[in-house]
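The values are calculated or read from the model by the stated rules, or taken from the named source; none is laboratory data. Computed from a prediction, not measured in an experiment: that's the story for all the values here. Methodologically, a virtual Cβ is constructed for each residue, glycine included, from the backbone with ideal geometry; neighbour enumeration extends over all protein chains shown.
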Amino acid sequence: MIEKTLSIIKPDAVERNLVDEIKKIFTENNLNIKDSKKIHISKEEAAEFYKVHQSKPFYDALCSYLSSGPIFVMILEGKNAISENRRIMGATNPKDADPNTIRKLYGISIDKNSVHGSDSLDNAKKEINFFFKN
Ligand code: CMP
């Protein structure tokens, strides 16, 4: 099924000038970038975006981190885009990620894991709408 999903290149990767390399990995894997922008969100916006994690012990640090510097957000479109994006990103913890995945190649730690991707169709719709309201 042709789907759309949201991808975020996180502050650690933007700071290291990895945006073009990461975009190339997506497009080489048949995920087309339909829209994109570089932004710097507030901690309040990060808290809203990651609301699903609000009961987790790492929530506050996660929101501080996502708002600590510019991020690059993209709408990716392609066949099975949600699962394909997650396959291409690799496991949440770079230590556990498969070879040649983005998180294995560029992730620094479970917090600074370079990219975020929507985990379901429902969340993809919500997350795309969060950053790209019409
Ligand atoms: P992301 O895919 O952006 O979704 C939530 C983020 O929380 C996750 O990537 C990690 O960067 C971060 N995180 C920090 N600690 C943990 C943890 N123990 N388990 C899962 N995610 C964590």
Q. Is the range 36-51 home to any residue that is under 17 Å from residue 127 (Cα atoms), hydroxyl-bearing (Ser, Thr, Tyr) and over 14 Å from the mean Cα position of the chain (by Cα)?
A. yes
Q. Residues in the range 3-51 that are within 16 Å of the ligand (Cβ to nearest atom), part of a helix (DSSP H, G or I) and not β-branched (Val, Ile, Thr): how many?
A. 12
Q | Residue that is farthest from the ligand (Cβ to nearest atom) [pool: residues in the range 97-134 that are crowded, with 22+ Cβ neighbours inside 10 Å and of a type in the set (Val, Ile, Thr)] | A | 102
**Q.** Lone unmet requirement of (1) crowded, with 17+ Cβ neighbours inside 10 Å; (2) more than 14 Å from residue 114 (Cα to Cα) for residue 11
**A.** (2)
Q. From the list 47, 61, which residue is modelled with pLDDT of 95 or more and surrounded by 19 or more Cβ atoms within 10 Å (Cβ to Cβ)?
A. 47
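This table checks each residue for (1) in contact with a helix residue (DSSP H, G or I) (Cβ under 6 Å, 6 or more places away or on another chain); (2) assigned to a helix (DSSP H, G or I).
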| site | (1), (2) |
| --- | --- |
| 62 | no, yes |
| 69 | yes, no |
| 83 | no, yes |
| 91 | no, no |
Q.
For the range 75-87, give me each residue that is out of contact with any Asp or Glu (no Cβ under 7 Å at 6 or more places or on another chain), away from the ligand (no atom under 13 Å from the Cβ) and of a type outside the set (Asp, Glu).
A. 76, 79, 83, 87
